[in-house]
1. Might you work out the accessible area of HIS149 for me, using a 1.4 Å probe with all protein chains in place, and round it to the nearest 10 Å²?
2. For the peptides 100-108, 124-132, what is the packing order when you average, over each peptide's residues, the other Cβ atoms within 10 Å and list the highest mean first?
3. Which of the residue pairs LYS49/LYS95; LYS27/LYS119; LYS95/LYS119 have a Cα-Cα distance greater than 26 Å in the structure shown?
4. Mind giving me the nanometre distance, one decimal, between the label points for ASN68 and GLU5, set 7 Å out from Cα along Cα→Cβ?
5. So with the 1.4 Å probe, I'd like the accessible area per residue for segment 69-136, rounded to whole Å².
6. For ASN137 and ASP24, compute 0.36 nm times the residue count separating them, minus their Cα-Cα distance, and round to one decimal in nm.
7. Run the simple label-point estimate for GLN93 and GLN31 please: 7 Å along Cα→C-beta, distance reported in nm.
8. For LYS151, give me every one of the aspartates and glutamates with a C-alpha distance below 12 angstrom, ignoring sequence neighbours fewer than eight places off in its own chain.
Amino acid sequence: MATDEQVNFLNAMASLAPKYADNDLFKYWVQKEHRCIDKWFHYFPIYEKWFKDFRGTDLVFVEIGVFNGGSMQMWKEYFGKKAKIIGIDINPQCKQFEEDQVSIEIGSQEDPEFWNAFKQKYPRVDILLDDGGHTMNQQIVTFMHIFPHIKDGGIYMCEDCHTSYWENYGGGVQAS
């Protein structure tokens, strides 16, 4: 749960940014009680733009990177009662965030065998949001194994691509 100071700060940001006023995900982040959600606030309009047409459908939504489970709650509320939310994390303690409509799979996004087993268990994925470890190898392995598995008309979104320029994440300017 956010502190009063954090809530006041977020509410001030919302008042300064009218483009967020009608954004349900941003309002959830600012106004609702939930577990910690570690997101850049400027992602919320992007999510809204690309994900809004899936609301109220029986979608299968996958997010790599569970952390404290807050985004699992957010996606569940945002997409509605028909949605299946799947979190993936390397940390076995993340299993504690499973609940109705939310499953947590434990495995490394760098592991092709994990992805092969995942695809057998979940034959359909509508949206995949990669907010995992952010290393180049993790993002590449995930993309190679899961992009072909995304349903036609689905979405594959990779966050925090700025790490592509960081050597300690396997990236760097003009790195191959």
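1. About 40 Å², ignoring ligands and nucleic acids.
2. 124-132, 100-108
3. As for pairs spanning more than 26 Å Cα to Cα, those are LYS49/LYS95; LYS27/LYS119.
4. 1.5 nm
5. 43 Å²
6. Once the chain is fully extended between ASN137 and ASP24, it gains 37.4 nm.
7. About 3.3 nm separates the two model spin labels.
8. ASP126
The values are calculated or read from the model by the stated rules, or taken from the named source; none is laboratory data. For clarity, every value in this text was computed on a predicted model and none was experimentally measured. Cβ coordinates were reconstructed from backbone atoms using ideal geometry, including for glycine residues, and neighbour counts include every protein chain displayed. Ligands, DNA and RNA are excluded from the accessible area calculation, which covers all protein heavy atoms including side chains. Shrake-Rupley method; radii C 1.70, N 1.55, O 1.52, S 1.80 Å.
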